[in-house]
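Just below is one structure, and these are the notes that go with it.
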Ligand SMILES: [Fe+2]
């Protein structure tokens, strides 16, 4: 009697967790503001705000994501961050890039938006490492009568995505795609460099090109889609690394490490501020996902506030998250809920330099294991 009662409670708990992971967890957006110590940050950049967004995995008809981005657009129009950093996985299919970029074009930042490409932008469904996982998800989806993978319903593209179409769409939206290159941002005669590498999970990046022209003594913010960038040859450690790709693990059971992080690099944690061999890295848990399951790992939009390293204590939250991974770190604060904005015009993308569409470009290398 007692045993059957315990089993019933466990089964009910498991069913509740599964329901939460499928229908609640993916839709509870967390907005965080995190102070980040940045080595050698010039005084003009003290308080510089970077809005970090990652892993949209946008598919037209995703009303939840469209609404969240519309709210975010209103917030950035009312109070623009200095820079918006987008760390890849915009779409699953290249034909959706225009609609995705149109949503992102409504976001505003004082010095513009910068992006790197993710493995899904290149067409992750045909990454040899991913094919077995997607097959399994399709079978599970058929079993429970619910498409667990957002790849369902589209014919496969053996050749992968047309990456130039995605880059062109982002360019038209005024978003600078940093594909192994760096650009400086000037404030009161001082400079901060923003560099981006091509997709590192599929080993497409060229660190030397990304670092080309960046003086070692000047501050550098390095964008990469995946923590796999840590395998690369760094000319020197950046002041801060930004990445996405892991989705924070998506399913985070108490006391256990996240099961799926999709990175070859072993880290103390797979979301938030993480100490690495090349300084602090902020890993976004992302706002979307291919597989809409999240448990104790909410989607997030994060504002990183940079301060000279000597001006703020090295945060302990990285270590704390490693142990317990609370949904909101105690040192973070939540951005107020959607700001009501009336009658204040936003900054048009052309204000920060809409770019001409990129023609041609290097063909993507084959998938590498
Ligand atoms: Fe992703």
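Bear in mind these aren't lab numbers, they're just calculated from the coordinates by the rules spelled out. Keep in mind it's a predicted model, so treat the numbers as computed, not measured. Neighbour counts are summed over all protein chains in view; Cβ atoms, including those assigned to glycine, are modelled from backbone coordinates with ideal geometry.
A few notes on this one:
- Rounded if a/c under 1.5, otherwise prolate or oblate - region 1-88, Cα gyration tensor axes: prolate
- Segment residue 106-residue 135, extension gain: residue separation times 0.36 nm, minus the distance between their alpha carbons: 6.8 nm
- Legend: calculated FRET efficiency, residue 188 to residue 216, from the Cβ-Cβ distance at R0 = 25 Å, rounded to 0.05, equals 0.70.
- Spatial offset of region 164-193 relative to region 30-66 amounts to 15 Å, using the alpha carbon center of each.
- Label sites at residue 236 and residue 165, each approximated as a point 7 angstrom past Cα along Cα to Cβ, lie 4.2 nm apart.
- Where the Cα pairs of region 241-316 fall when distances are cut into 5 Å bins, in %: 3, 14, 27, 22, 18, 9, 5, 1, 0
- Anisotropy class of region 1-52 from Cα gyration tensor, a/c 1.5 cut: prolate
- Added length on full extension, which subtracts the Cα-Cα distance from 0.36 nm per residue, residue 3 to residue 208: 67.6 nm
- Average projection area in nm² (convex hull over Cα atoms of region 183-310, one quarter of hull surface): 8.8
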